[in-house]
Amino acid sequence: MSNNSYKTILAIESSCDETAAAIVIGNGKSGAQVKSNIIASQIAIHAEFGGVFPDLAAKEHVKKIIPTIELALKEAGLWNGNAIDSLQNIDAIAVTNGPGLIGSLLIGVNAAASLALLSGKPLIKVNHWAGHLYSVFIEDEAPELPMLALTVSGGHSSLILIKNHFDFEIIGETVDDAAGEAFDKIARMLELGFPGGPMVSKAADEARSKELVLEHKFPRPKLNDKDFDFSFSGLKTAVLYALNSGKISLPADASQAAREAEESIVEVLVKKTIRAAQKFQPKSIALVGGVSANKFLRQELTAVVNSLSDKKPKLYLSDLAYSTDNAAMIGAAATFQLAQGKDILQDPEEIEAIASLRL
Ligand code: KG4
Ligand code: ZN
């Protein structure tokens, strides 16, 4: 890039079970450009356990982190024969420092801090939630602020108002399980396998295409409450109760039950988002986080936003490549942090991995 307000970032993400690295270019005004986006997924390894096994995740990150970073540099055309020389082609290193599994976070944080020390490049610490929020700040146009973001993943479900860059207000969040966690647990109960979200979604789509409906209804937790909080643990209990009482039997009712569970989660998420939009009148609405990959949720939110009358906010659905954990979104957030001077460490040794980091 000739314009030197554009910066090239090497971004690293290892908060859960994906080892990821990306090269992202941006000026912190328009959307960031992704030059490479490498993800070494551990899904096959954890499938056996039906969930992410933290010790194994950390061990895998150790194995994958350096090859993943090298590949990100190579695919972006920045490889100079070795990693240290190649780092002279970038302006800064960004890394997720929380929230997440501590053993996983530490691998990415230590790799990033070491590379920053060796190359003399500044280190930018990025909050994983901020990364998900900035997944819609990729490509040409950046959403106008204020933006209301439905942030739904395995670890969190919240409605966040972004008033200005890095001026976030959490206007509602889950009081118990996150939406992705509910998908994962319900998938396990319905014996649909791992990873739960995509499996429930696939089974639910199948039921919809065959017009199969579960007679027994699951609750829509907190649907009519005035607040913007969510609760999904009751839904999980309702599925368990239906199984134990014989109201649903497996495998015969699995896809209908998946459909009913998905429709319950989506109805609550969409209705609360729209109600928040009517109250806070944002210019943009975003759907981000792993659960934003859910097809039915994308369809329903799009339909409801389109049906709004005047002063319709513009809807941004995170691209599927940037919905579940990835490093491009961390790099995108970092381009905006660089422009705002936020969390840029001149001394890489100052960085800390924090499992329960808040936004
Ligand atoms: O953002 P993410 O990759 O990791 C966290 O930060 O948690 O989100 C992972 C979550 C998992 O719970 C997974 O089941 C869910 O996102 N997920 C989905 C879909 N794809 C991933 N949930 C519903 N439908 C999907 N298609
Ligand atoms: Zn995530």
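What follows is calculated from the coordinates using simple rules that are stated; it is not laboratory data. Values in this document were obtained by computation on a predicted structure and should not be read as measured data. Virtual Cβ from ideal backbone geometry, glycine too; neighbours counted across all protein chains shown.
Taking the longest Cα principal axis of the chain as reference, the axis of helix 102-119 is set at about 20 degrees. Please identify which residues in segment 260-297 have an amide N closer than 15 Å to a label point set 7 Å out from the Cα of Arg208, following the Cα→Cβ vector. Of the residues in segment 260-297, 260-271, 292-297 have backbone N under 15 Å from the label point off Arg208. Note on segment 218-239 and segment 305-354: Cα centroid distance 28 Å, given to the nearest whole angstrom. State whether segment 163-262 is rounded, prolate or oblate according to the following rule on the C-alpha gyration tensor (a ≥ b ≥ c being the square roots of its eigenvalues): a/c under 1.5 gives rounded; otherwise a/b larger than b/c gives prolate, and the remaining case gives oblate. Judged from the Cα gyration tensor, segment 163-262 comes out prolate (a/c at least 1.5, a/b above b/c).
The label point for Asp225 and the one for Lys63, both projected 7 Å from the Cα toward the Cβ, are 4.2 nm apart. Kindly express, to the nearest 10 degrees and within the range 0 to 90, the angle between helix 254-280's C-alpha long axis and the longest C-alpha principal axis of the chain. Here the helix axis deviates by roughly 60 degrees.
Axis angle, to the nearest 10 degrees, between helix 233-244 and the longest C-alpha principal axis of the chain: 50 degrees.
Hull volume per residue, based on the alpha-carbon atoms of segment 212-359 and their convex hull, is 174 Å³. Normalising the Debye intensity of segment 119-225 to I(0), with uniform scatterers on Cα atoms only, and taking log10 at q = 0.21 Å⁻¹ returns -1.18. Taking every alpha-carbon pair in the chain and binning the separations at 10 Å intervals from zero gives 6, 25, 31, 23, 11, 3, 0 percent.
Take every Cα pair under 8 Å whose residues are at least 6 apart in sequence, average their separation, divide by the length of segment 50-195, and the relative contact order is 17 percent.
Dividing the helix sum by the residues of the chain, where each DSSP H run of 4 or more adds -39500 (n - 2.57), gives a mean residue ellipticity at 222 nm of -12500 deg cm²/dmol.
Comparing Ala32, Ala44, Thr19 along the charge dipole axis of segment 6-81, the residue lying farthest to the positive side is Ala32, per the Cβ-charge model. If the chain linking Gln281 and Gln340 were pulled fully straight, counting 0.36 nm for each residue of separation and taking away their Cα-Cα distance, it would gain 18.7 nm. Bridge orientation summary for the chain: considering DSSP beta bridges with both residues in this region, about 60 percent are antiparallel.
By definition, a body whose alpha carbon gyration tensor gives a ≥ b ≥ c is oblate when a/c is 1.5 or more and a/b is not larger than b/c, and segment 42-179 fits this oblate description. Here the dipole of the chain is about 740 debye; that uses its Cα centre as origin and unit charges on the Cβ of Lys and Arg (positive) and Asp and Glu (negative). Put simply, the C-alpha atoms of segment 9-103 give a gyration tensor, and the ellipsoid matching it has half-axes of 26, 15, 11 Å, longest first.
Measuring r between the beta carbons of Glu75 and Glu139 and using R0 = 22 Å, the FRET efficiency lands at 0.80. The modelled label-to-label distance for the pair Asn306/Thr237, using points 7 Å beyond Cα in the direction of Cβ, is 3.8 nm. Projecting the Cα atoms of Pro198, Ser307, Gly331 onto the charge dipole of the chain, computed from C-beta unit charges around the Cα centre, puts Ser307 farthest toward the positive end. Quick check: from the Cα gyration tensor, does segment 206-280 come out rounded (a/c under 1.5), prolate or oblate? Judged from the Cα gyration tensor, segment 206-280 comes out oblate (a/c at least 1.5, b/c at or above a/b).
The mean sequence separation of alpha-carbon pairs under 8 Å and at least six residues apart, normalised by the residue count of the chain, gives a relative contact order of 25 percent. Enumerate the residues in segment 309-338 having an amide nitrogen under 17 Å from the point lying 7 Å beyond the Cα of Lys29 toward its Cβ. From segment 309-338, the list is 335-338. Once C-alpha pairs closer than 8 Å and six or more residues apart are averaged by separation and normalised to the residue number of segment 1-127, the relative contact order reads 30 percent.
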